[in-house]
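Asks: Submitted below is the structure of interest, expressed as structure tokens.
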Number of protein chains: 2
Amino acid sequence: MEDLKKYIRDIPNFPREGIMFHDITPLLQNPKAFRQAIDAMAQMMKGREVEYMIGVEARGFIFASALAYKLETGLVIIRKLGKLPYETINASYDLEYGKDILEVHRDAISGGSRVVLVDDLLATGGTAAAVGNLVKKLGGEIIGYSFLVELTELKGREKLKPYPVWSVLEFPV
Amino acid sequence: MEDLKKYIRDIPNFPREGIMFHDITPLLQNPKAFRQAIDAMAQMMKGREVEYMIGVEARGFIFASALAYKLETGLVIIRKLGKLPYETINASYDLEYGKDILEVHRDAISGGSRVVLVDDLLATGGTAAAVGNLVKKLGGEIIGYSFLVELTELKGREKLKPYPVWSVLEFPV
């Protein structure tokens, strides 16, 4: 088992002054590290009978897609406002300055479907909680949240209670 | 072998009047159809010794990621301007109105790497050609282009010569 943390590149002051950005692209680019990351995410939800992976635009698509392929589930995509062509429902969530809006197709899942919400990073949990609300509006049953990276000091997982939160790599912030 | 075309939903007048949008979300949502689509894309590049799948933001990530996982290659992501945190090179390409800019990390691949460029849709080929130019600037060797859907009457594959173009589903426009 390789230490996947060595494939995460820390970049100071991105996207702005004072923020340390954890760049996952070296991990994606390494075939063994990428495979190991997906396998670890899959292992954490083993036995849960997941029917859909829910991937959040854009980096969430990367992990949700490979997990859906590996575990033979469906893949549902959550997109920024105006990108989905069919009837949608949406949820807004707070950013540091202003709001953003996420959408999902109204017929993306059927009621009672067992879903896992997937993204690359759990920070404050604002996006993940908004996506959870969208899924609940569609009648989905949230089995858990799966992330590659969790920034533990931001306590995002508290916002996602009572659902299980699985993350492969932890950084303080 | 299922007919994957039945999982593509045609939506008229999206994103604007006169355009027929081929919505792939029903295909993604169906586990068997999604798996079959990825397997078909993989089959078409069989034996080519690909080292990296290059995925274009955002829907391209879906197919490049699952292919990278399945074929045990690295995954390189091409993003819209300003999203990548490290040193980048970029390429602009023409849209119907104005331009858009795509970026890739300068160290994403090493010279001589064998890569396949992956996206959901081949239309006029403008985006794919721009991504090809980025990859060539990095010193990558383009093995081919892989798409789920090709709009054959738009003749995008002519813009991608002399490289092989593989597509799973063809529609006229």
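No lab work stands behind these numbers, since they all come straight from the coordinates. Values in this document were obtained by computation on a predicted structure and should not be read as measured data. Ideal geometry is used to build each Cβ from the backbone, glycine not excepted, and the neighbour counts take in all protein chains shown.
Asks: Which residue fluctuates the most in chain B, going by a Gaussian network model with Cα springs under 10 Å, if the choices are B:K99, B:K137, B:K155?
Replies: B:K99
Asks: Let me ask you something else. Just to verify a number: FRET efficiency for A:K32 and A:E158, C-beta to C-beta distance, R0 = 30 Å, to 0.05?
Replies: With a Förster radius of 30 Å, E is 0.35.
Asks: Which distance in Å, rounded to a whole number, links the C-alpha centroids of region A:97-173 and region B:22-71?
Replies: 24
Asks: Taking the alpha-carbon set of the protein assembly as shown, what are its Rg and Dmax in Å?
Replies: 19.1, 54
Asks: From the Cα trace of region A:48-171, what convex hull volume per residue do you get, rounded to a whole Å³?
Replies: That works out to 99 Å³ per residue.
Asks: Next question. Using a cut-off of under 15 Å, list every residue of region B:21-35 whose amide N is near the label point 7 Å from the Cα of B:K5 along the Cα-to-beta-carbon line.
Replies: Within reach of a label on B:K5, which here means backbone N under 15 Å from a point 7 Å along Cα→Cβ, region B:21-35 contributes B:22-23.
Asks: Looking at region B:48-171 only, what percent of DSSP beta bridges run antiparallel? Nearest 5 please.
Replies: The antiparallel fraction comes to roughly 30 percent.
Asks: Rounded to the nearest 5, what % of DSSP beta bridges with both residues in region A:31-114 are antiparallel? Before the final figure, lay out each step's value.
Replies: Numbers: 9 of 14 bridges.
DSSP beta bridges in region A:31-114 are roughly 65 percent antiparallel.
Asks: Counting only C-alpha contacts under 8 Å and six or more residues apart, can you give the relative contact order of region A:1-54 as a whole percent?
Replies: 25
Asks: For a quick check, take a GNM of chain A with Cα springs below 10 Å and name the residue from A:F61, A:F34, A:F21 with the largest mean-square fluctuation.
Replies: A:F21
Asks: If you keep only loop residues by DSSP, which trypsin sites (Lys or Arg not before Pro) in region A:18-73 have at most 15 other Cβ atoms within 10 Å of their Cβ? Don't skip to the end; give the middle numbers.
Replies: Details: sites: A:K32, A:R35, A:K46, A:R48, A:R59, A:K70; in loops: A:K46, A:R48.
Passing sites in region A:18-73 are A:K46, A:R48.
Asks: Hey, for B:K5 with labels 7 Å out along Cα-Cβ, what do the inter-copy distances come to in nm, ordered shortest first?
Replies: For B:K5, the other copies' label points sit at 5.3 nm, shortest first.
Asks: Then there's this: Rounded to the nearest 0.05, what FRET efficiency do A:E96 and A:K136 have when you use their Cβ-Cβ distance and R0 = 22 Å?
Replies: According to the calculation, E is roughly 0.30.
Asks: Most mobile of A:L154, A:L122, A:L102 per a Gaussian network model of chain A (Cα springs, under 10 Å)?
Replies: Of the options given, A:L154 has the highest mean-square fluctuation.
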